[in-house]
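Take a look at the structure below.
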Amino acid sequence: MNKGIVLLPILMIAIVATGCNMEEKIGEKIAEELIEKSAGDEVEVNIDGEDVTYTTEDGEVTFSSEDEDTFEIESEDGSVMQGGEDMKWPTDQAAAYLPSCSAGKVSYLMNSEESCIIIMDEVSQDDYDDYEQTIKDAGFTNNAVESTAEDMDLYSGSSADNIIVTVYISPSESVMQVTVDTSQKQ
């Protein structure tokens, strides 16, 4: 796990280096050397265009970037982490339990079988209020918690089968975060 934390910035550099208009072989060689030095000899690195895959005894992780404004990290277990501009609302894994939100722009996504975190930019207070009502209408009303602070509104509730959804907004930043936790599903 510690290697993954150390490797993340290096892999991001590798993605950018291979995604730019540099000679592919030079970028690949530099990226492979950086990753292998940081993680040790037991790492296998494969750079294929805009994808960087590294394999250790713990498994395989692929980092991908279709352009300079986005990235995607996918692990062997199917967990996905994405960041970028105006990504699509997820409809699989834990995100499948969430009603979609058409307001704002998805800028970050972490989605696995047990949990999902979605961060959206350009979301107004009215957008948040509408989505909070959508969450309630979808049945996430058990154990409900609502809170308003200086620069944050929060709603959290669970479904009848104990799937927990939390949504909050920072109105001054126009940023909304939606999370779903299915680990306690009954």
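Could you tell me whether the stretch 88-101 includes any residue that is among the basic types (Lys, Arg) and either over 13 Å from the mean Cα position of the chain (by Cα) or closer than 21 Å to residue 183 by Cα (or both)?
Initial filter on the stretch 88-101 (among the basic types (Lys, Arg)): 88.
Retained after the next criterion (residues that are either over 13 Å from the mean Cα position of the chain (by Cα) or closer than 21 Å to residue 183 by Cα (or both)): none.
Within the stretch 88-101, none of the residues are among the basic types (Lys, Arg) and either over 13 Å from the mean Cα position of the chain (by Cα) or closer than 21 Å to residue 183 by Cα (or both).
Can you name the residue in the stretch 127-148 that is assigned to a strand (DSSP E or B) and among the small types (Gly, Ala, Ser) and is also nearest to residue 174 (Cα to Cα) among such residues? Can you show your working first?
First, pick out the residues of the stretch 127-148 that are assigned to a strand (DSSP E or B): 142-148.
Narrowing the set further to residues that are among the small types (Gly, Ala, Ser) leaves 144, 147.
Details: 144: 23, 147: 17 Å.
Restricting to residues being assigned to a strand (DSSP E or B) and among the small types (Gly, Ala, Ser), the top hit is 147.
Hey, any hits in the stretch 111-126 for a residue that's farther than 22 Å from residue 171 by Cβ, surrounded by 18 or more Cβ atoms within 10 Å (Cβ to Cβ) and of a type in the set (A, V, I, L, M, F, W, C)?
Within the stretch 111-126 (the criterion being farther than 22 Å from residue 171 by Cβ, surrounded by 18 or more Cβ atoms within 10 Å (Cβ to Cβ) and of a type in the set (A, V, I, L, M, F, W, C)), the answer is yes, since at least one residue qualifies.
Determine, yes or no, whether residue 179 is hydroxyl-bearing (Ser, Thr, Tyr), assigned to a helix (DSSP H, G or I) and within 26 Å of residue 79 (Cβ to Cβ). Let's see the steps before the verdict.
On the way: hydroxyl-bearing (Ser, Thr, Tyr): yes; assigned to a helix (DSSP H, G or I): no; within 26 Å of residue 79 (Cβ to Cβ): yes.
Judged against the criteria, residue 179 is not a match.
Among the residues in the stretch 156-168, are any surrounded by fewer than 18 Cβ atoms within 10 Å (Cβ to Cβ) and hydrophobic (A, V, I, L, M, F, W, C)? Outline the logic, then answer.
Within the stretch 156-168, the first condition is being surrounded by fewer than 18 Cβ atoms within 10 Å (Cβ to Cβ), and the residues that meet it are 160-162.
Within this subset, residues satisfying the condition of being hydrophobic (A, V, I, L, M, F, W, C) are 160.
Yes: the stretch 156-168 contains one or more residues that are surrounded by fewer than 18 Cβ atoms within 10 Å (Cβ to Cβ) and hydrophobic (A, V, I, L, M, F, W, C).
FYI, it's all coordinate maths here, none of it is from the lab. Given the structure is predicted, the values throughout are model-derived calculations rather than measurements. Positions of Cβ are backbone-derived with ideal geometry, glycine not excepted, and every protein chain shown enters the neighbour counts.
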